[in-house]
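What follows is one structure encoded as structure tokens, with my remarks underneath.
The values are calculated or read from the model by the stated rules, or taken from the named source; none is laboratory data. Everything numeric in this text was worked out from a predicted model, so none of it was measured. Note that each Cβ is placed from the backbone with ideal geometry, even for glycine, and that neighbours are counted across all protein chains shown.
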Amino acid sequence: MVKLPDPHDDALYADAEAFARNKGEFAAFFITRSGLAPTMLSLGIDRFALALYDNLPLVEKLLDIYFEWAYVVAERVSRFDSTSTAPTTTSHSKRA
């Protein structure tokens with residue numbers, strides 16, 4: 001099955017957290033693929049389409065894995081900048 005990094009491991013966030021802490025006057029954004037995209041990309045479009053018909057439990061299990069992982073990651077990175085009213089994490093956009 002799919003092996004993703006442990007979303008509770010502090011080391012996973014070290015670089016992004018350091019970036020957010022030192023971003024100065026720049027805004028930062030957390031952008032990730034969510035929804036169906038990781039499942040489709042992990043199987044490939046053709047195999048994903050076939051699995052929808054032949055192996056729906058596999059597709060559902062993969063969706064659960066990716067959604068649960070992404071939820072923990074998004075919750076974690078939303079706490080990087082406690083001085084902002086909106087969650088900020090990583091990007092190179094200048095604040096307006």
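For segment 19-47, enumerate the residues that are among the small types (Gly, Ala, Ser) and modelled with pLDDT of 90 or more. Give the derivation first.
As a first pass, look at segment 19-47 and keep what is among the small types (Gly, Ala, Ser): 20, 24, 27-28, 34-35, 37, 42, 44.
Of everything in segment 19-47, those that are among the small types (Gly, Ala, Ser) and modelled with pLDDT of 90 or more turn out to be Ala37, Ser42, Gly44.
When the residues of segment 79-96 are filtered to those that are modelled with pLDDT of 50 or more and loosely packed, with under 15 Cβ neighbours inside 10 Å, which remaining residue is farthest from the chain's Cα centre (by Cα)?
Our first condition is that a residue be modelled with pLDDT of 50 or more; within segment 79-96, this holds for 79-82.
Pick out the ones that are also loosely packed, with under 15 Cβ neighbours inside 10 Å and you get 79, 82.
Numbers: Arg79: 14, Ser82: 20 Å.
Among them, the one singled out is Ser82.
Of Leu58, Leu50, which residue is in contact with a Leu (Cβ under 9 Å, 6 or more places away or on another chain), at pLDDT 95 or above and buried (at least 16 other Cβ atoms within 10 Å of the Cβ)? It would help to see each step written out before you state the result.
Working: Leu50 fails: buried (at least 16 other Cβ atoms within 10 Å of the Cβ).
From the options Leu58, Leu50, the qualifying one is Leu58.
Out of the residues in segment 5-45 that are surrounded by fewer than 16 Cβ atoms within 10 Å (Cβ to Cβ) and basic (Lys, Arg), state the one that is nearest to Leu62 (Cα to Cα).
Arg33
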